[in-house]
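Here the structure comes first, spelled out in structure tokens, and everything after it is commentary.
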Ligand SMILES: C[S@@+](CC[C@H](N)C(=O)[O-])C[C@H]1O[C@@H](n2cnc3c(N)ncnc32)[C@H](O)[C@@H]1O
């Protein structure tokens, strides 16, 4: 089976794709998604912009907390799977947009209580990341939160060495699953600080290589 055929097979249902994500994160992805949703919705009715929604694992959790979600992804097959996954169970309304993160400046500024980027910044080039983070910040209402979770470069020393070793099989699996290679974000906190938003909290898993950062616009 070619890697493209295998990728299509894996993308055939959210369960297969999600099983791949569980393998890539050694089972931590569900914990990460739950923490992202918890940090993103403070009360039912919150307006949340989710960039790179993938198969809707976070979208589903945001909806279950009563958020009004605008979910965007550049991949039509991901949007399709996310819609199928979220529709039967969700509580809050979702607006689905098939578009790239580089188009978020078309969305109204100052309108969202939270902007969520879960496991998608590492798919972007440094230039795109910086642009997207800046524009995402502008989409926040006063007091709104930016929630970014991703693979980051582990702290120097044995943890970095372990990450480099682990990434060899991980990169192979990732290529088979999604047909592209992500790269750890070198310093997620610094990249978020560069937008002018103060960091409120950061949580790490997997020897510091998986990080959740919450930043907040002044009220
Ligand atoms: C690894 S998946 C993560 C999905 C989901 N957010 C999660 O946490 O499980 C990354 C998703 O981001 C999307 N993505 C990556 N770069 C993007 C971009 N520049 N614009 C829009 N979507 C993007 C991909 O299509 C993919 O669905």
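Of note:
- Listed from fewest to most Cβ neighbours within 10 Å, the set 132, 58 follows the order 132, 58.
- For region 77-144: rounded, prolate or oblate by the Cα gyration tensor [a/c cutoff 1.5]: oblate
- Sequence-distant contacts, meaning Cα pairs under 8 Å at least 6 residues apart, place the relative contact order of region 3-216 at 20 percent.
- If you sort the three axes of the alpha carbon gyration tensor as a ≥ b ≥ c, you get a/c of 1.5 or more for region 97-219 and a/b no higher than b/c, which makes it oblate.
- Each part gets one Cα centre, and for region 16-59 versus region 65-80 those centres are 11 Å apart.
- When 137, 70, 59, 95 are arranged by Cβ crowding within 10 Å, least crowded first, meaning fewest neighbours, the order is 95, 137, 70, 59.
- Available extension along the chain between residue 207 and residue 168 is 12.4 nm, counting 0.36 nm per residue and deducting the alpha carbon span.
- Residues 63, 53 in ascending order of nearby Cβ atoms (within 10 Å, fewest first): 63, 53.
- Förster-model FRET efficiency, 35 Å R0, residue 194 and residue 64, C-beta, rounded to 0.05: 0.60
- Counting every C-alpha pair in region 99-138, the share spaced more than 12 angstrom apart comes to 58%.
- Distance between the pseudo-spin-label points of residue 183 and residue 28 (7 Å out from Cα toward the beta carbon): 2.1 nm.
- Computed over region 23-70: relative contact order in percent, which uses C-alpha pairs under 8 Å that are six or more apart: 42 percent
- Shape analysis of region 3-216 places it in the oblate category; the axes a ≥ b ≥ c from the Cα gyration tensor give an a/c of at least 1.5, with a/b not above b/c.
Just so you know, all these numbers are worked out from the coordinates, no wet-lab data involved. Small disclaimer: the values here were computed from a predicted structure and weren't measured. Cβ: placed from backbone, ideal geometry, glycine included. Neighbour counts: every protein chain shown.
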